[in-house]
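Read the figures in this text as sums done on the coordinates, not as results from a lab. Not measured: the values here are computed from a predicted model. Note: ideal-geometry Cβ built from the backbone for every residue, glycine included; neighbour counts use all protein chains shown.
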Amino acid sequence: MNEKIYKTISIAGAGSIAVGVVALVTGVVTGVLSIVCGSVLLKRRKDVTF
């Protein structure tokens, strides 16, 4: 009985760590892309006309 609980908790912990890593990587990539796109917009702001 205790082995089943231990295996279940181990799988749940590993899954949580995997989801956390994916979320962290996604956040970093999104932040970098936002900074790059913002700098390009600031660089070319003179070319924009309304």
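Would you compute, from DSSP H runs of 4+ residues alone, the mean residue ellipticity of the chain at 222 nm, taking -39500 (n - 2.57) per run and dividing by the full residue count, rounded to the nearest 500? All intermediate terms of the calculation are to be shown ahead of the outcome.
Working: 1 runs with 42 residues, N = 50.
Result for the chain, helices only: -31000 deg cm²/dmol.
Positive end of the charge dipole of the chain (Lys, Arg +1 and Asp, Glu -1 on Cβ, about the Cα centre): tell me which of I35, A12, F50 has its Cα farthest that way.
Value computed over the given set: F50.
Report ³J(HN,Hα) in whole Hz for each residue of segment 3-17, in order, from the Karplus equation J = 6.51 cos²θ - 1.76 cosθ + 1.60 where θ = phi - 60°; Gly and Pro get x.
Using θ = phi - 60°, the values come out as 5, 5, 5, 4, 5, 5, 5, 5, 5, 5, x, 5, x, 5, 5 Hz.
What's the Cα-based Rg to Rh of the chain, Rh via Kirkwood?
With Rg and the Kirkwood Rh in hand, the quotient comes to 1.51.
Between T8 and V21, with labels modelled 7 Å along Cα→Cβ, what's the label distance in nm to one decimal, could you check?
About 2.5 nm separates the two model spin labels.
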